[in-house]
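Read through the structure below, which is laid out as C-alpha cells, and then see the notes.
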C-alpha cells in the first residue's frame, strides 16, 4: 500500500453515561445495566460529587434524579444551561408530576422517566442522548475548523470574505456543499 493511499483510523473514546442519584441500589442497578450493553458508567450520589470530576472525553449523557439532597436535578439542569455546558440529560424520578416533567423538557431534557422504568426505555433514552452529544461534538469540531480557516486568511481576504453570499440550502445541496 502506498503512503498516499493509507487511511488513518482515529478511534473515538468510549461513550460514558453519568448517573447522579442518591439511591445507592438504583445507581448499582443502572451500572450493571449499562455494563451489560457495553456502556461505561460513572456513578455519583450527589451533584457535588459529580462536580469533582471532569467531563469525560467522548460522547456522554447524564442520567439525573430530579430529587436530590441539596441541589435538585432541575436546579442543576438550570446551572448547566447558565454556564453553557451542553450535556444531554435524562431525568428520573419516583415522585414526578406533569409540571415537573414539563419544566425538565423545556429546560432541554431529552427524556423524563418515572421509577420504576423499563430497562429498554432507559437504554433507548441513553442511546438518543449519546447520539445528540456526538452530533454536538461533530458540530463544534466543524465550527472550530471553519474558524481556523477564517483566521488563516489575510486581512484583505477576510474583508472580501464577508461580502461573499452564503448559498441557500437548496443551492448548497445542488452543488454538494451540505445536507
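Annotations
- Residue check for residue 81: free of Cβ contacts under 8 Å to residues at least 60 places away in the same chain and within 18 Å of residue 130 (Cβ to Cβ): no
- Matching entry among 27, 55 (being in the same structural domain as residue 116 (by TED's automatic domain parsing) and at pLDDT below 95): 55
- Breaking point among (1) more than 22 Å from residue 131 (Cα to Cα); (2) surrounded by fewer than 15 Cβ atoms within 10 Å (Cβ to Cβ); (3) in contact with a strand residue (DSSP E or B) (Cβ under 9 Å, 6 or more places away or on another chain), for residue 57: (1)
- Hits in region 10-43 - residues which are farther than 17 Å from residue 122 by Cβ and in contact with a strand residue (DSSP E or B) (Cβ under 6 Å, 6 or more places away or on another chain): 14
- Only one of 31, 73 that is surrounded by 18 or more Cβ atoms within 10 Å (Cβ to Cβ), out of contact with any helix residue (DSSP H, G or I) (no Cβ under 6 Å at 6 or more places or on another chain), in contact (Cβ under 8 Å) with a residue 12 or more places away in the chain and within 17 Å of residue 117 (Cβ to Cβ): 73
- The residues of region 58-71 that are within 14 Å of residue 40 (Cβ to Cβ) and modelled with pLDDT of 90 or more, listed by number, are 59, 60, 61, 62, 63.
- Residues of region 81-96 that turn out to be surrounded by 11 or more Cβ atoms within 10 Å (Cβ to Cβ) and more than 20 Å from residue 30 (Cβ to Cβ), as a count: 2
- Scope region 49-66; condition touching a residue at least 40 places away in the same chain (Cβ under 8 Å) and closer than 16 Å to residue 96 by Cα; matching residues: 63, 64, 65
- Only one of the numbered conditions (1) over 23 Å from residue 119 (Cα atoms); (2) touching a strand residue (DSSP E or B) at 6+ places or on another chain (Cβ under 6 Å) is not met by residue 109, and that is (1).
The values are calculated or read from the model by the stated rules, or taken from the named source; none is laboratory data. Since this is a predicted model, take the numbers as computed values, not measurements. Here the Cβ is made from the backbone with ideal geometry for all residues, glycine too, and neighbour counts use every protein chain on show.
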